[in-house]
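The structure appears right after this line, and notes come after that.
The values are calculated or read from the model by the stated rules, or taken from the named source; none is laboratory data. No experiment lies behind these values; they were computed from the predicted model shown. When we count neighbours, we look across all protein chains shown, and the Cβ atoms used for this are built from the backbone with ideal geometry, even at glycine. We work out accessible area using only protein heavy atoms, side chains counted, and drop any ligands, DNA or RNA first. Shrake-Rupley method; radii C 1.70, N 1.55, O 1.52, S 1.80 Å.
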Amino acid sequence: MSEKKLPIGHGQMLELASHMETPFYLYDETAIIEHARRFRKLFAWAPGFCNYYAVKACPNPAILKLLAQEGFGADCSSLPELLLSKASGITGKKIMFTSNDTPPEEFKAAYEAGAIINLDDITHIEALEQAAGTLPDTICFRYNPGPDRTGNAIIGNPVEAKYGVTTSQIVDCYKIMKEKGVKHFGLHTMVASNELDGTYIVETARMLFALAIRIQKEAGVRIEFIDMGGGIGIPYRPDQEVMDLAKVSSEMQELYQGMIVPAGLDPLQIVFECGRVMTGPYGYLVSKVLHVTKKYKDYVGLDASMANLMRPALYGSYHHITVVGKDKMPCDHTYDVTGSLCENNDKFAIDRKLPEVKKGDVVVIHDAGAHGHSMGFNYNGKLRCAEYMLKRDGSVVMIRKAQTCDDYFSTLRFDGAEVVI
Ligand SMILES: *Cc1c(COP(=O)(O)O)cnc(C)c1O
């Protein structure tokens, strides 16, 4: 069971929602820090342990700085993510650049930033060399095990995945880079997304450890770090359990002792690129009820829409919903909870049991702290909402203002078309 609580009292939440324009995102600083410290402590045995926070999960400097203070880095896959990380004080090898289908100017920028570049493809060796004019001292490759590994529900079957270097190409990648004078090597994979079964993570470690040993034998290249990617899931549903990270860590340690140490590859640095598990449970989307109505079904219409949180519409994902101040009431009503987009899949929940909802009620949508605000969009002219941080001292600070119509229109040419050719 995972308990779905608010980070502040219901009374306080109602007060916040009356002060601030809804919808908005609220992140719980204390919980993010506590989780980051726990994660680091669990992997204290692992040489050079680090989590490169996947910036796409919550690209806000306040979040990046918080994690940087805990010793974590940033995993970027675009130029703006790279710039955002640098502006948040994360630089050099604290940046992992894991891109795919990468434009040359982004390779160049990642090289110039001194980031660790994680190549997605064997043809990217040449692409990087051309873009940067040279190769960095350190390189990493993303491995796709293909038919050697069954996929998970979200990321799908590795054979169908567009990412990574295949089993038959991987050794050659390192041979080529060694010949070209690259000095330091890493090995990456990402074969799961939102996975709650810890054995999947342990098996990924086993696969990468074995591959590092094979690369040592066949390419004469010593892998210095293993990048486990992201993909650790969170229990979106109250009846799901958190992944037992302590167990994952101790099983990985056993594998390390049994495989890496005898192969003479110790110390082998171990890093992750988790986004979801770092901030997901600690972010909340706060919204107000605009309409409650009966059609063929009962509907609750919010002032938030899938433009604020796309996951339910995109993946059919469950996000728990709390009707603030009604936690003692029985959940004896069944509603579809909708947004206002002209899209019938703009629903946060379908046939959800809730207490009786009234117009003006405040609802909190849980587990929105990763792949939430960042997946937002402007379709139907919906403006992106504000983000706030609930600080350790109990204060609430704005970390992103809500988009205005002027912001939204700022790239348009109202004074007529601009001739480009
Ligand atoms: C999305 C992504 C991550 C983060 O995944 P989470 O599920 O948020 O942990 C890490 N690495 C890469 C390459 C990704 O694409």
### Message
For a quick check of understanding: with a 1.4 angstrom probe and all protein chains in place, what accessible area in square angstrom does Tyr111 have, to the nearest ten?
### Response
80 Å²
### Query
In terms of solvent-accessible area of protein heavy atoms at a 1.4 angstrom probe, what is the ranking of His19, His291, His320, His184, highest value first?
His19, His291, His184, His320
### Message
Ignoring ligands, DNA and RNA, please state the percent of accessible area on the range 265-318 from carbon and sulfur, probe 1.4 Å.
### Response
55 percent
### Task
For Met13, Met306, Met259, give the ranking by accessible area with the largest first, probe 1.4 Å.
Met259, Met306, Met13
### Message
Report the Cα-based extents of the chain along its three principal axes, largest first, to the nearest Å.
### Response
68, 60, 43
### Query
Which whole-number percent is the relative contact order of the range 337-421 (Cα, under 8 Å, 6+ apart)?
16 percent
### Task
For the chain, calculate the relative contact order in percent as a whole number, restricting contacts to Cα pairs under 8 Å that are 6 or more residues apart.
18 percent
### Task
Determine the percent antiparallel among the DSSP beta bridges restricted to the chain, to the nearest 5.
40 percent
### Task
With a 1.4 Å probe and every protein chain left in place, work out the accessible area per residue of the range 30-280 in Å², rounded to a whole number.
40 Å²
### Task
Report the paramagnetic label zone for His333: residues of the range 339-378 whose backbone N is under 20 Å from a point 7 Å from Cα along the Cα-to-Cβ axis.
339-340, 347-366
### Task
Could you pull out the pairs from Lys108/Lys217; Lys56/Lys175; Lys94/Lys175; Lys41/Lys175; Lys247/Lys401 whose alpha carbons sit more than 30 Å apart here?
Lys108/Lys217; Lys56/Lys175; Lys41/Lys175; Lys247/Lys401
### Ellipticity estimate at 222 nm from DSSP helix runs (n ≥ 4, -39,500 (n - 2.57)) divided over the chain, nearest 500
-8500 deg cm²/dmol
### Task
Could you name the aspartates and glutamates whose alpha carbon sits less than 17 Å from that of Lys65, not counting residues in the same chain fewer than 8 places away?
Asp28, Glu29, Glu34, Asp75, Glu81, Glu273, Glu387
### Query
Net charge near Glu273, counting Lys/Arg +1 and Asp/Glu -1 over other residues with Cβ under 13 Å of its Cβ?
+1
### Task
Go through Ser410, Ser2 and list them by solvent-accessible area, largest first, probe radius 1.4 Å.
Ser410, Ser2
### Task
List the lysines whose Cα lies under 17 Å from the Cα of Lys4, skipping any in the same chain that are fewer than 8 positions away.
Lys326, Lys328, Lys353
### Query
Cα centroid distance between the range 114-138 and the range 367-409, in Å?
34 Å
### Message
Just to confirm my numbers, what's the Cα centroid distance between the range 21-50 and the range 234-291 in Å?
### Response
11 Å
### Query
So how exposed is Met20, as accessible area in Å² (1.4 Å probe, rounded to 10)?
30 Å²
### Task
Enter the accessible area of Glu356 (Å², nearest 10), with the probe set to 1.4 Å and all protein chains included.
80 Å²
